[in-house]
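Report on one structure; see the data block that follows.
Each value in this text was obtained by applying a stated rule to the coordinates, not by laboratory testing. These numbers were taken from a predicted model, which means no experiment stands behind them.
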Amino acid sequence: MFTTLRLPLIGLLSLTLAQAALAADCATVQSRGAEVFANECGVCHAVAKGAVGMMGPNLAGVVGRKSGSLEGFNYSQAMRNKNIDWQAENIEQLITQPQAYVPGTYMPYMGMASADDRQAVVCYLKEQH
């Protein structure tokens, strides 16, 4: 019985430690994320609450938001049909190659090559409420 309980506890502890490490990593790269976002994403997207992006949806509160669901933005059918909740992993996949991740998206961005930059942008977006 002790072994049966020990495995789930070890898994929970590992998950908690991984989340803490990611949070610590995010704290160190958020300013880099703001810089990369401004240079790579800010041309089309806004993150200030209530602001309107030039071409893309406002990304304030994007983490946890359903794809294609921001009120008042004209999403592609492909983005509406993606039917996911935006989380760090799928945001990173999207900004790696938007057209490959959501074929038919209106997003003209070609993709972000640097994994470090993608992680920094995701960390930055997590803090935009």
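Below, the figures for the structure above:
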read-out	value
Using θ = phi - 60° and Karplus 6.51 cos²θ - 1.76 cosθ + 1.60, couplings along the range 51-67 (whole Hz; Gly, Pro as x)	6, 10, x, 5, 9, x, x, 5, 9, 5, x, 5, 5, x, 7, 6, 4
Partners for K66 among lysines (Cα-Cα distance below 16 Å; same-chain residues under 8 apart left out)	K82, K126
Alpha-carbon radius of gyration plus Dmax, which is the widest Cα pair, for the range 29-126 in Å	12.2, 34
Additional length obtainable on full extension of the chain from E89 to A113, 0.36 nm per residue less Cα span	7.1 nm
